[in-house]
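Novice: The structure under discussion is supplied below as structure tokens; questions concerning it will follow.
The values are calculated or read from the model by the stated rules, or taken from the named source; none is laboratory data. Just so it is clear, the model here is predicted, and its values are computed rather than measured. Heads up, the Cβs are rebuilt from the backbone with ideal geometry, glycines too, and the neighbour counts pull from every protein chain shown.
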Amino acid sequence: MSGGPTAADWAALRRRARGEVILPGDAGYAAARGVADPRFGQVRPRAVVRCAGEEDVRAAVEFARRHRLTPHPRSGGHSFAGYSTGPGLVVDVSSMNAVTVNGAVVRAGAGARSGALARVVDEHARILPIGTCPEVGIAGLTLGGGIGTVGRAYGLTADNLRAADVVLADGRIVTCSPSCHPDLFFALRGAGAGNFGVVTSLTFGTHPAPDVSSCFLRWPRHRAVGTILGWQRWALALPDQMWTQVVLRGGAAHTLVITCWCGPPGGDTSLIDRLVAALGEPVSADSHTARYPRSLERLWAEHTLDDEATRPRYPFQEDHQLSAPLPPDAAALLAGRIAARTDVLCFLERQGGALGADPATAWAHRDCPFGLFFWSEASPAAGLGPVLEARNWAVSLWQDLLPWASGQSYQNNISPRRPGWARAYYGHHLERLYAIKAAYDPGDLFHHPQGLHPPRARCPGTGGTPPAAPGPLRP
């Protein structure tokens, strides 16, 4: 097989698949291989399979295994490290995006975008917690956790997952849930991206949908350190229905505090009054009440560095999960480093609440009351120098904050520059995840540079098949 698939092999795959099999030289190949981050736009996969259904996914996985190609699952294509593409076979499920609501349960194809899913759910007066970027795919978001503005009230996106359909490395399609392949279900909720198989659909539980009240308050930038410290003290005492974050934007005149309330109408008024009493009168404050999807659109406008949101740009994102509030010297370092540039953005947000519950998931950051996220950007047109500078800035700030960090990081912000990444992302779950990987993908068909690659000595049953479980196992 050293020569790879022949023309006849590709023709056979095309006959088997209902969707497109796009090869180099085909019209549309350049567009098909593209992902959200232009840093990875020059990667040339052997082919892109645009799957029309789970049988196409099975065909692609079996083809990849037979011809010793790495399958690269892709939903929204937003991996910060570029793991939605690669030199092997891209298994693109973005067309598998149907959404069906049945009472309190919603089933979504793995290609659905999270914002579109939230809008459909909202039409049924229900809410499903998603992240803060509505354009990311629901599969990748869920498989890495899914932190968002209503997470303190309703948990991670992954916490609300009830079942998932998965194409395994051997080509079988399984439905996993708490009672069916429970180990695989555990692993998918926090460690599922690119490790165990290709998820084709996800079934979630939802909640009755309240309106979301959001408030945007700004204090002068020169008071950023005091704003951070006072905000942290205030945030620790909040009820679970309130989410909040501090936004530091390079070059901005103000430090922004955002709040989102999903409790009874007017219940946030006294909480915001307490914040103002602690920090002083803000320079400006505006608020609005909207349905959940609309509230995310307003929030996203504050999370974008450039008004031209469609321009190509190289984002470099790092994070620390924090086990305690930042002390004054850390807050001063952070505020000073952000203020010195114009192409950077930082969020310090309150976690905890339902995010701190401990259901059977592989998300290991339940004990972190705060999350610190920061990124820098550079335009490809600016040349290599500014791109490297933006990357190095993000890495150096991450390193400088290590003395106050927990050692944990959020796996959906995956970074190839993160030392000790496996323990940072998966914590005390790591050994169990290695064992699940050995059981469900003993040949490591699904792999990428930051995938779960257990040492052989720690992989019992490397020649075995996935363990039996009650419930549906489809041929």
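Novice: Contact list please: Cβ distance under 9 Å, first residue in segment 261-281 and assigned to a loop (DSSP other than H, G, I, E, B), second residue among the acidic types (Asp, Glu), pairs at least six apart or on different chains.
Specialist: If the second residue must be among the acidic types (Asp, Glu), the pairs left are Cys262/Asp211; Gly263/Asp240; Pro265/Asp211.
Novice: Additional query: Can you tell me which condition Ser415 does not meet? The list is (1) in a helix (DSSP H, G or I); (2) within 23 Å of Arg39 (Cα to Cα); (3) touching a residue at least 40 places away in the same chain (Cβ under 8 Å), and all the others hold.
Specialist: Only one criterion is unmet by Ser415, namely (1).
Novice: Let me ask something else about it. Restricting attention to segment 418-444, which residues are of a type in the set (Asp, Glu) and either crowded, with 18+ Cβ neighbours inside 10 Å or free of Cβ contacts under 8 Å to residues at least 24 places away in the same chain (or both)?
Specialist: Asp441, Asp444 - these are the residues of segment 418-444 that are of a type in the set (Asp, Glu) and either crowded, with 18+ Cβ neighbours inside 10 Å or free of Cβ contacts under 8 Å to residues at least 24 places away in the same chain (or both).
Novice: Output the residue which, of all residues in segment 113-140 that are over 24 Å from Phe373 (Cβ atoms) and of a type outside the set (D, E, K, R), is surrounded by the fewest Cβ atoms within 10 Å (Cβ to Cβ).
Specialist: For segment 113-140, the residue satisfying everything is Ala125.
Novice: Go through segment 68-89 and report how many residues are assigned to a strand (DSSP E or B) and not hydrophobic (A, V, I, L, M, F, W, C).
Specialist: 4
Novice: So which of Val246, Val276, Val225, Val198 is touching a Ser or Thr at 6+ places or on another chain (Cβ under 8 Å) and of a type in the set (A, V, I, L, M)?
Specialist: None of the other options fit; the residue is Val246.
Novice: Out of (1) closer than 23 Å to Ile147 by Cα; (2) hydroxyl-bearing (Ser, Thr, Tyr); (3) modelled with pLDDT under 95, what's the single condition that is false for Ser323?
Specialist: (3)
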